[in-house]
Structure formats: structure tokens, C-alpha cells
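**Q** Just dropping this structure here.
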Amino acid sequence: MLDAILIAVVALSAVWVYLDATKNKIGEIPDSKGMFNVSAGAWGSLTLLLWVIGFPAYLIKRGRLIERAKENPIEVTGRGGKAAALSIVGGSWVLLSVSGIVSSALPDCDNPKLKSAIEQITMSSPLAKLSAAAFITVKNETELGYNQSAQIRSCRGTVVTTAGEVVIQYDIGWGNTEETQFEVEGIIQ
């Protein structure tokens, strides 16, 4: 869900940048050079595609861009349609993220979807079978590390059962090549 919120912030930022640039008549000035001499659409697209660079750059340069636009105003046609197009692209990105089709990262260690996998790991152990313990919850989940190249998140948590508490170390990795399903492997410590 946090991914969807972050994507929504990026999409809304891109639409705002485009609308602000067109309202202030900021755009590419013919026969002028410079890295920041780009159209309002380019500012919006840069913000959508590379938010970490585009949005701060626009905010930092905004005052100067407005001053330049007062001397060389750029009138944009189809402003509403272009803003709608940015909104549709950004909104689609948010919807894909919420539906799970686009996933930017493995689940965090405390993701509620992991609890059933952790319960399975814990309750399939010989000790749990001998004690006839029942799973209650997982608490104190912490990340031990993240291997970017292998796409594996290592975690530790405390499993609470009717027989007491046990510490478990578990790894989260992708269960398929499309990176749409994750798998969990664990060791009871």
C-alpha cells in the first residue's frame, strides 16, 4: 500500500508541475540553450518518470523559470488534455500498483501477508508438533538485510505460540520469474 501512496504522490506532483508550468507560461524558448530550457510537458514527464531529479529541479528553478517566462511567455494549446493524459498515466500506475500487477519491491518483514507463511514454518517444526502448540502471532519483526542483486530480504521475528515464544529467522524472495509471488523460507533459532 505504501508503494501506491508513493506512486500517487509522484503522479500528482507531475500533474501539478505541468499545470504550474503552463499557468506561468513556462516552456521551451526558441533559439535559447540550456539544460532547463524545456517544455512544460517535458517538466511534467520528467517529474513522472524521474521524480527524484525532476521535481526538486523544477522547484529549485521555478522562480527563475517564471522570470524568464515573463520575458518570453509560451502559450500552450490543449493544456487540459495534456494534464488529463499525465493524470491517466499516473492513475494507471497507481491502480497497477494497488492491484499487485506492478510491484516495486519485496514485502517488508512485518507485512501481514507473511504471517501465514511464518505460521507454516513454525508449526511444521518437530518441536511444535511434539508440544501440540498453536500459533498465535508474530511480533518484533526486524529486517536484518537486503540483497539487492539476489532480491532477498532477511528478517527476524518472535513467533508467539500457546507453548511460548520462539525466535525465527526468515528470508523473503521471489517465487516466480515475473516477480508477482513471493516465497518465505525460515529457520527457527
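The values are calculated or read from the model by the stated rules, or taken from the named source; none is laboratory data. All values derive from a computational prediction rather than experimental measurement. Neighbour counts are summed over all protein chains in view; Cβ atoms, including those assigned to glycine, are modelled from backbone coordinates with ideal geometry.
**Q** Of all residues in region 58-73 being crowded, with 17+ Cβ neighbours inside 10 Å and touching a helix residue (DSSP H, G or I) at 6+ places or on another chain (Cβ under 8 Å), which is nearest to ILE5 (Cα to Cα)?
**A** Of everything passing the filter in region 58-73, TYR58 is nearest to ILE5 (Cα to Cα).
**Q** Looking at (1) modelled with pLDDT of 80 or more; (2) in contact with an Asp or Glu (Cβ under 9 Å, 6 or more places away or on another chain); (3) over 30 Å from ALA14 (Cα atoms); (4) surrounded by 13 or more Cβ atoms within 10 Å (Cβ to Cβ), which is the only condition VAL184 fails?
**A** (1)
**Q** Sticking with this structure for a sec: Take GLY44 and decide whether it is assigned to a helix (DSSP H, G or I) and either crowded, with 20+ Cβ neighbours inside 10 Å or not assigned by TED's automatic domain parsing to the domain that holds LEU86 (or both).
**A** Criteria met by GLY44.
**Q** For region 131-146, enumerate the residues that are in a strand (DSSP E or B) and either β-branched (Val, Ile, Thr) or exposed (fewer than 14 other Cβ atoms within 10 Å of the Cβ) (or both).
**A** ILE136, THR137, VAL138, LYS139, ASN140, THR142, GLU143, LEU144, GLY145
**Q** Any idea which of SER154, SER131, SER116 is hydroxyl-bearing (Ser, Thr, Tyr), free of Cβ contacts under 8 Å to residues at least 12 places away in the same chain and in the same structural domain as GLU165 (by TED's automatic domain parsing)?
**A** SER116
**Q** Looking only at region 147-169, count how many residues are under 24 Å from the mean Cα position of the chain (by Cα), modelled with pLDDT under 85 and either surrounded by 15 or more Cβ atoms within 10 Å (Cβ to Cβ) or outside any strand (DSSP E or B) (or both).
**A** Of the residues in region 147-169, 4 are under 24 Å from the mean Cα position of the chain (by Cα), modelled with pLDDT under 85 and either surrounded by 15 or more Cβ atoms within 10 Å (Cβ to Cβ) or outside any strand (DSSP E or B) (or both).
**Q** Please identify the pairs in which a residue from region 64-93 that is in contact (Cβ under 8 Å) with a residue 24 or more places away in the chain and under 14 Å from ASP20 (Cα atoms) has its Cβ atom under 7 Å from the Cβ atom of a residue that is of a type in the set (Gly, Ala, Ser) and surrounded by 16 or more Cβ atoms within 10 Å (Cβ to Cβ), counting only partners at least 6 apart or on another chain.
**A** These pairs meet every condition: ILE74/GLY27; VAL76/GLY27; VAL76/ALA40; LYS82/GLY41; LEU86/ALA14; LEU86/GLY44.
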